[in-house]
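A short worksheet on the structure shown next.
The values are calculated or read from the model by the stated rules, or taken from the named source; none is laboratory data. From a predicted model like this one, the values you see are computed outputs, not experimental measurements. Ideal geometry is used to build each Cβ from the backbone, glycine not excepted, and the neighbour counts take in all protein chains shown. Quick note on the areas: whole protein, heavy atoms, side chains included, nothing else; ligands and nucleic acids left out. Shrake-Rupley method; radii C 1.70, N 1.55, O 1.52, S 1.80 Å.
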Amino acid sequence: MMQQMILKGPDFCAVVEDGRLVEYIRQDPKEQGGDILLGKIDRMMPNLNCAFVDIGRTKNGFLPLEENGKTFQEGKPKSGEMMILQIRKEETGEKGAFLTRDITLAGTYVILMPKNRYIGVSSRIDDEETRERLKKLGQEIAGNRFGLVMRHCAPEAEPDQIRTEAEKLFDRWRKIEQSAESERKPGTVLRHCEAMEALREDYRGADGITEIGELSADLKRQLATAEGRKVQLPHGGNIVIDQCEAMTVIDVNTASAMPAGNKEQLFLTTNLEACKEILIQARLRDLAGIIIIDFIDMDYETDRSMVLERLKECFKEDRIKTVIHGWTKLGLMEMTRKRR
């Protein structure tokens, strides 16, 4: 059984699995993705289908005019309108924060969406019977008052536990609305939960939380690999990771690996070995968006299928939603990973 541990430092959180550092989150109070705030529409840009919003910061936020199709319950915003918003992606460089009106409040078992009516189930829950049961329960609890997504640990809970949590989250939303009504200028209404809180929810089976001053020398060495392009594989191969603005490209190489038998076996073994390391590096570097993997070319379709299945199996361990799209016509592996 995997030994899983959460570490908390003065300015970071980390997750260690069987001695491997797999997640490292720097905590900066200036970066609060998920904050709920009050904003005022400053400038409408209908040609770009967006608006710039005064959120009480140096840079205006960016808000799309249309969101989430039929299940979102709000109309288009108007110039000068004050509204409750949430930060979906923090500001970077010259770009202001990316905002949404589709608020989400996360609990242990559910994610509540007060301005939506969508009822869904985490993609990490595979069993169709369980998915159907949870979806029906979500519809009963919501009663068309709000939207709900059943999280991956919902099957472990009793229906009353899920119902109680959903109602508490809805009460929290009503208090946020009341707080926003009393405010007259843009600014933060509710700080998002700290990274530690999110880790505690997602790794409920972990072997406790350990507070430390800094990482050990070995874990520091592992973290340093996330700052370089090349990562060695155990038997001589390597992967090279290049993060571009639009996507991340990962190249798998045999490097110094020596064939014990034929070359095809070496190529397959190296590719299979790379799948686990790609998972670890995706989590450690927090890779997001489009990820293209250039595995070593293989002649046999059975080998290609084996690598695809291994990659899917590895990413089942990822707490961030990931979709493996499969092989492209050029023989590259295409996948997407949600931004955290």
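Details
- Within the stretch 219-236, the set of residues being in contact (Cβ under 8 Å) with a residue 24 or more places away in the chain, closer than 19 Å to ILE25 by Cα and either open to solvent by 40 Å² or more (accessible area, probe 1.4 Å) or not in a helix (DSSP H, G or I) (or both) comprises just one member, THR225.
- Single residue of the stretch 209-219 satisfying the filter (under 12 Å from LEU7 (Cβ atoms) and over 22 Å from the mean Cα position of the chain (by Cα)) that is modelled with the lowest pLDDT: GLU211
- Scope the stretch 14-46; condition among the charged types (D, E, K, R), at pLDDT 90 or above and open to solvent by less than 40 Å² (accessible area, probe 1.4 Å); matching residues: GLU17, GLU23
- From ASP251, ASP242, ASP202, residue being surrounded by 16 or more Cβ atoms within 10 Å (Cβ to Cβ), within 30 Å of MET298 (Cβ to Cβ) and out of contact with any helix residue (DSSP H, G or I) (no Cβ under 9 Å at 6 or more places or on another chain): ASP251
- Test: residue in the stretch 109-119 that is over 24 Å from TYR203 (Cα atoms) and of a type in the set (Phe, Trp, Tyr): yes
- Among the residues making up the stretch 264-302, those that are touching a Cys at 6+ places or on another chain (Cβ under 6 Å) and under 17 Å from VAL249 (Cβ atoms) are CYS275, LEU279.
- GLN232 at negative phi, under 18 Å from the mean Cα position of the chain (by Cα) and of a type outside the set (Lys, Arg): no
- In the stretch 47-80, residue modelled with the highest pLDDT [restricted to those that are farther than 20 Å from TRP173 by Cα and of a type in the set (Asp, Glu)]: ASP54
- The set of residues in the stretch 138-154 being open to solvent by 10 Å² or more (accessible area, probe 1.4 Å), under 21 Å from ASP202 (Cβ atoms) and either at pLDDT 95 or above or in contact with a Phe, Trp or Tyr (Cβ under 9 Å, 6 or more places away or on another chain) (or both) consists of VAL149, ARG151.
- Residue pairs meeting the criteria (Cβ under 7 Å; at least 6 apart or on separate chains; first buried (at least 17 other Cβ atoms within 10 Å of the Cβ), in the stretch 162-183; second of a type in the set (Ser, Thr, Tyr)): ILE162/TYR109; GLU165/THR108; GLU165/TYR109
- Checking each residue in the stretch 103-121 for being farther than 13 Å from ALA142 by Cβ, open to solvent by 10 Å² or more (accessible area, probe 1.4 Å) and outside any strand (DSSP E or B) picks out THR104, THR108, TYR109.
- The condition (being surrounded by fewer than 18 Cβ atoms within 10 Å (Cβ to Cβ), farther than 30 Å from CYS153 by Cβ and either touching a Leu at 6+ places or on another chain (Cβ under 8 Å) or not small (Gly, Ala, Ser) (or both)) is satisfied by just one residue among PRO64, PRO77: PRO64.
- Whichever residue in the stretch 123-137 is touching a strand residue (DSSP E or B) at 6+ places or on another chain (Cβ under 6 Å) and not hydrophobic (A, V, I, L, M, F, W, C) and, among such residues, is most open to solvent (accessible area, probe 1.4 Å): LYS135
- Among residues of the stretch 309-332 being open to solvent by less than 30 Å² (accessible area, probe 1.4 Å) and part of a helix (DSSP H, G or I), the one that is farthest from ARG151 (Cα to Cα) is LEU311.
- Enumeration of residues in the stretch 86-102 that are open to solvent by 10 Å² or more (accessible area, probe 1.4 Å) and among the small types (Gly, Ala, Ser): GLY93, GLY96
- Counting residues in the stretch 244-251 that are in a helix (DSSP H, G or I), modelled with pLDDT of 75 or more and not small (Gly, Ala, Ser) gives zero.
- Condition check for ALA180: more than 22 Å from ARG26 (Cα to Cα) and of a type outside the set (Phe, Trp, Tyr): yes
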